[in-house]
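The structure appears right after this line, and notes come after that.
Just so you know, all these numbers are worked out from the coordinates, no wet-lab data involved. Predicted model, so just to flag it, every value in this text is computed and none were measured. Note: ideal-geometry Cβ built from the backbone for every residue, glycine included; neighbour counts use all protein chains shown.
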Amino acid sequence: MIITKCDDSAELSSFLRLDYTNNLYFFTYLNEIFHNSSVEVLIAKYKSKIVLALLLTPIHCCISSSDINYVNAIADQLPIIHSVHVVGRKDLVEHLLRISKGPERDKHIYSFCEYTPAIVSNNPATVSQKAAESNLKDLIKFYSNNDMLIDAASRLPAILSWGKAYFIYKDHEIVSCALTTTQTNDAAMIGSVYTIPGYRNHGYAKDCVSNLCRDLTSNHIKPYLFYKSDDDFLAEFYKSLGFRETNTWILATSNRSFCSRRKRTYRPSDPCRNYESC
């Protein structure tokens with residue numbers, strides 16, 4: 001087996017849909033892999049069928065395969081992974097990190113969850129409002145003051161063009177927000193959920209996420225998200241909003257000095273998203 005650059009997005013899409021929810025981030029880039037030099041998808045085939053795909057962007061690296069043995073088969077062909085984040089299903093990411101080269105990383109285990117409206121408790125959401133292009137300046141200011149969205153000024157215009165965000169405005173500024181970090185026609189990942197410390201414990205984050213989920217589901221889009229598995233508060237928080245765990249993910253982030261170098265070279269044309277939800 002050898003790894004090559006993908007030259008058929010339709011064939012790639014068919015393969016990725018075999019594990020659709022764990023491959024959501026790939027779908028965000030399908031239209032970019034032939035037009036954006038900073039976005040690359042490598043594939044490996046067995047008996048003329050794709051059995052492995054590797055997404056590489058300045059911010060994210062994701063891997064998809066049905067069998068760890070396929071990953072082993074192309075281990076000596078893997079490029080150095082410079083992406084800030086390596087993210088995805090725990091078994092695949094763990095294995096990729098063992099056999100690949102790149103910067104040292106902080107590894108965190110996450111609970112991957114899907115939205116199940118039937119188990120939602122009564123969460124009236126009335127305060128948060130849907131973001132529009134006119135809110136871009138305030139959203140950039142909000143996320144530039146925290147580390148929830150790398151290079152917010154470059155990425156938020158793209159996010160608002162294809163995704164959704166809900167925020168709460170108080171005292172002449174945005175104080176809480178939640179948005180979709182990747183989105184397709186029928187699924188979306190919620191992330192970058194954050195409330196300014198002085199405005200916490202008022203239910204603002206819950207309000208933003210609740211309205212965001214209502215918007216998505218009303219358009220037949222299934223919400224997903226992930227949070228650190230050892231965070232009991234977030235586990236209870238998202239359970240109360242209707243999310244249930246379906247898998248385990250890893251987010252492996254390179255050290256801060258590497259992130260800083262990448263941040264300076266990041267370009268607005270790259271639609272990468274940050275997946276550190278909450």
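With contacts defined as alpha carbon pairs under 8 Å and 6 or more residues apart, what's the relative contact order of region 1-156 in percent?
That works out to 15 percent.
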Can you give me the long-range amide H partners of Y227? Hydrogens built in the peptide plane at 1.01 Å from N, cutoff under 5 Å, separation of 5 or more residues or another chain. S111
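Counting other C-beta atoms within 10 Å, which of M189, M1, M148 has the fewest, and how do the rest follow?
Details: M189 23, M1 13, M148 18.
The order, fewest Cβ neighbours first, is M1, M148, M189.
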Which whole-angstrom value gives the distance between the alpha carbon centres of region 129-156 and region 40-59? 32
Can you order the peptides 89-102, 52-65 by their average number of other Cβ atoms within 10 Å per residue, highest first? 52-65, 89-102
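If the only charges are +1 at each Lys and Arg Cβ and -1 at each Asp and Glu Cβ, what is the size of the charge dipole of the chain around the Cα centre, to the nearest 20 debye? Let's see the in-between values first.
On the way: 31 positive and 29 negative charges, 64 e Å.
The calculated dipole for the chain is roughly 300 debye.
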If packing is taken as the mean number of other Cβ atoms within 10 Å per residue, what is the order of 137-143, 26-32, highest first? 26-32, 137-143
For Kirkwood radius over Cα pairs in Å, the choices are (i) 19.2; (ii) 18.4; (iii) 19.7; which was calculated from the structure? (i)
Looking at the square roots a ≥ b ≥ c of the eigenvalues of the Cα gyration tensor of region 3-106, which shape do they give, rounded for a/c under 1.5, prolate if a/b is larger than b/c, or oblate? rounded
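Would you calculate, for the chain, the mean residue ellipticity at 222 nm contributed by helices, counting each DSSP H stretch of 4 or more residues as -39,500 (n - 2.57) and dividing by all residues, to the nearest 500?
Computed mean residue ellipticity for the chain: -8500 deg cm²/dmol.
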Excluding same-chain residues fewer than 8 positions from K239, which lysines have a Cα within less than 22 Å of its Cα? K90, K164, K206, K222, K228
With +1 on each Lys and Arg Cβ and -1 on each Asp and Glu Cβ, and nothing else charged, work out how big the dipole of region 114-252 is about its Cα centre, in Debye to the nearest 20. 260
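Magnitude of the Cβ-charge dipole of region 3-106, K/R +1 and D/E -1, about the Cα centre, nearest 20 debye? Could the numbers behind the result be given before it?
Values: 10 positive and 12 negative charges, 34 e Å.
Dipole about the Cα centre, nearest 20: 160 debye.
Could you grab the relative contact order for the chain? Cα pairs under 8 Å, six or more apart, rounded to a whole percent. Don't skip to the end; give the middle numbers.
Values: 526 pairs, mean separation 67.0, N = 278.
Computed value for the chain: 24 percent relative contact order.
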How do F34, F226 line up, fewest other C-beta atoms within 10 Å first? F34, F226
At 0.36 nm per residue, minus the direct Cα-Cα distance, what do D7 and R214 gain on full extension? Give it in nm, one decimal, please. 70.8 nm
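When ranked by the protection proxy of mean other Cβ atoms within 10 Å per residue, highest first, what sequence do the peptides 35-41, 162-168 form?
Numbers: 35-41: 15.4, 162-168: 21.7.
Descending mean neighbour count gives 162-168, 35-41.
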Determine the distance separating the Cα centre of region 11-32 from the Cα centre of region 160-239; give it in Å without decimals. 23
